Amino acid sequence: MIKLLIADPHPIVRKGLEHLFSSSSNIKIVGSVDNGNDLLEFLKKEPVDIVLSEIDLPKLNGLTVLRYLKTDYPNVKAVMFSSQPEEVYGLNAIKAGALGYISKTVNIITINEALMKVHEGGVYLSNELTQQLAFGSRVNKSGSFFKKLSTRETEVLKLLAIGKKNKEVSKELNINEKTVSTYKARLMRKLKVTNMVDLVNQAKLMDS
């Protein structure tokens with residue numbers, strides 16, 4: 001029986017998944033949390049095989065949580081279950097340590113298949129992202145932006161885009177403010193912008 005922890009900020013999503021898996025013979029939901037901090041706190045107390053997590057989590061976002069899992073809970077496998085576009089965040093999630101990326105548009109059969117595949121040691125990606133990885137193709141403009149950014153740069157950009165100040169970004173990502181400024185300058189250079197307004201607009205374009 002796979003012990004599954006759900007992390008999602010929306011109660012209806014958590015309840016929906018709990019209901020869907022309530023009759024499962026191979027997956028048992030051992031808990032659900034609504035933010036990144038609570039996810040890590042839960043892992044301190046309860047054994048978990050797989051974490052099914054949204055990227056956009058309060059307090060600690062999903063990409064940052066993946067870094068903690070990699071170092072502190074290497075035996076816990078992570079699958080991202082997100083409304084964010086896969087072509088933008090899928091590969092970065094895998095690079096950060098996730099073993100799967102599922103769009104919230106998929107059906108329950110696909111979710112189940114993905115969790116089973118990851119539990120058995122595989123990696124789950126959509127056919128589209130698998131082709132991107134295999135052939136290096138770019139499916140659209142936002143895909144070309146995401147290719148330029150490292151996982152950490154994507155984390156910083158997401159936090160800046162929702163209005164976080166340098167100090168708040170440094171606290172959430174556990175890096176110093178000077179490093180945040182360095183990332184900000186690098187993001188502006190890579191995305192060919194000269195001010196924060198345009199940088200935030202580019203971040204929104206990545207999510208569109």
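Summary of values
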read-out	value
Extreme residue, nearest to Met116 (Cα to Cα), among residues of the stretch 43-91 that are among the polar types (S, T, N, Q) and surrounded by fewer than 24 Cβ atoms within 10 Å (Cβ to Cβ)	Asn75
Odd one out for Arg14 among (1) among the charged types (D, E, K, R); (2) over 18 Å from Ser150 (Cα atoms); (3) surrounded by fewer than 18 Cβ atoms within 10 Å (Cβ to Cβ); (4) touching a Ser or Thr at 6+ places or on another chain (Cβ under 8 Å)	(3)
Residue tally, condition in a strand (DSSP E or B) and either open to solvent by 30 Å² or more (accessible area, probe 1.4 Å) or charged (D, E, K, R) (or both), over the stretch 92-127	2
Evaluation of Leu125 against (1) over 17 Å from Gly97 (Cα atoms); (2) modelled with pLDDT of 80 or more (one fails), failing number	(1)
Members of the stretch 152-207 that are of a type in the set (Ser, Thr, Tyr), modelled with pLDDT of 75 or more and open to solvent by 30 Å² or more (accessible area, probe 1.4 Å)	Thr179, Ser181, Thr182, Tyr183
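The values are calculated or read from the model by the stated rules, or taken from the named source; none is laboratory data. What you see is a predicted model; the values in this text were computed from it and never measured. Every residue, glycine among them, receives a Cβ derived from its backbone with ideal geometry; neighbour counts consider all protein chains shown. The protein model used for the area step is the full one, side chains on, heavy atoms only, and it has no ligands, DNA or RNA in it. Shrake-Rupley method; radii C 1.70, N 1.55, O 1.52, S 1.80 Å.
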